[in-house]
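Chemist: One structure, as structure tokens, below. Some questions next.
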Amino acid sequence: MKTESQAARRSRIYRIRTLGGLRREVEGCTACPRLREYCSEVARKKRAAYREQEYWGAPVPSFGDENARILLMGLAPGAHGSNRTGRMFTGDASGNFLYAALHRVGLASQAEAIDRNDGMRLRDVYISAVGRCAPPGNKPLPQELTRCLPFQAREFSLLPRLKVVVCLGKIAFDWTWKTLEEHGVVLGSPRPRFAHNAVYTLGGAFPTVLASYHPSQQNTQTGRFTAPMIDEVLARAKELAAL
Ligand code: SF4
């Protein structure tokens, strides 16, 4: 069978006209054999606590309000979180922290995110990630993030009211800039540096970039990233998006 070149794949993704079409393309993506194999293996073996559940085990599509002014950009699905439930940030400690905060600031209909049929509705927020397949050790390879990049780039174009991108963690921050470069943003040297709460305003039609720590357990359980801190980030995002 003839393999599609990266250029042909990219151009095909750039021609997708709806967010629904893009989500379907993500779900069927097989571009990274290492990640596809890992996600399937995790889904087959399962964690003991979820033995009775059917894991999603596929690339995880973005989720939320298609008219969102705020885009939350994470790193990648968790092996037993989104890779199990099939919805961004759903089913693990990071997601519990994030959705509870979104609910507190009025951007989510409920505080608890359990699975993709739990009735969660987001208002003015769309949730995505720079990698859409769970990576071993939570560490996607640069070439895997490069393959996922066209999805983000197209997503930026298909969110008609996008005003602010909140980057959750340094990797999401760095790859958001690469996405913006795809859209014609020219970065000087040095490149923008990650710092919690830093805001970068680009002007024109480009969204504002807001950096935040990632809500990983490593940050939330150590007190590095607390509930008042994420509330402050989200309040800032609302303000920047004129909500
Ligand atoms: S990480 Fe992205 S590009 Fe790679 S297989 Fe998953 S969805 Fe496709």
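Chemist: Give me a count of the residues in the range 114-131 that are open to solvent by less than 10 Å² (accessible area, probe 1.4 Å) and more than 18 Å from L162 (Cα to Cα).
Modeler: Here the count works out to 2.
Chemist: While we're on this one: So, of the residues in the range 211-243 that are among the β-branched types (V, I, T) and outside any helix (DSSP H, G or I), which turns out to be least open to solvent (accessible area, probe 1.4 Å)?
Modeler: First, the residues of the range 211-243 that are among the β-branched types (V, I, T): 220, 222, 226, 230, 233.
Retained after the next criterion (residues that are outside any helix (DSSP H, G or I)): 222, 226.
Values: T222: 100, T226: 47 Å².
Top of the filtered list is T226.
Chemist: Does the range 22-39 contain at least one residue that is touching a residue at least 40 places away in the same chain (Cβ under 8 Å) and among the small types (G, A, S)? Spell out how you get there, then give the answer.
Modeler: Looking only at the range 22-39, we keep the residues that are touching a residue at least 40 places away in the same chain (Cβ under 8 Å), and these are 22, 25-26, 29, 31-32, 34-36, 38-39.
When the remaining residues are screened for being among the small types (G, A, S), the result is 31.
Taking every residue of the range 22-39 in turn, at least one turns out to be touching a residue at least 40 places away in the same chain (Cβ under 8 Å) and among the small types (G, A, S).
Chemist: Restricting attention to the range 132-168, and to residues there that are over 25 Å from G204 (Cα atoms) and assigned to a loop (DSSP other than H, G, I, E, B), which single residue is most open to solvent (accessible area, probe 1.4 Å)?
Modeler: Of the residues in the range 132-168, the ones over 25 Å from G204 (Cα atoms) are 132-148.
Checking the rest, the ones that are also assigned to a loop (DSSP other than H, G, I, E, B) come to 132-135, 139-141.
On the way: R132: 5, C133: 19, A134: 2, P135: 4, K139: 147, P140: 23, L141: 62 Å².
Among those residues, the one meeting the criterion is K139.
Chemist: While we're here: Tell me which residues, restricted to the range 169-204, are open to solvent by less than 60 Å² (accessible area, probe 1.4 Å) and part of a helix (DSSP H, G or I).
Modeler: Those that are open to solvent by less than 60 Å² (accessible area, probe 1.4 Å) and part of a helix (DSSP H, G or I): A172, F173, D174, W175, T176, W177, T179, L180.
The values are calculated or read from the model by the stated rules, or taken from the named source; none is laboratory data. Model, not experiment: these values are computed from the prediction. Reconstructed Cβ throughout: ideal geometry from the backbone, glycine too, with neighbour counts over all protein chains shown. Only protein heavy atoms, including side chains, enter the accessible area calculation; ligands, DNA and RNA are left aside. Shrake-Rupley method; radii C 1.70, N 1.55, O 1.52, S 1.80 Å.
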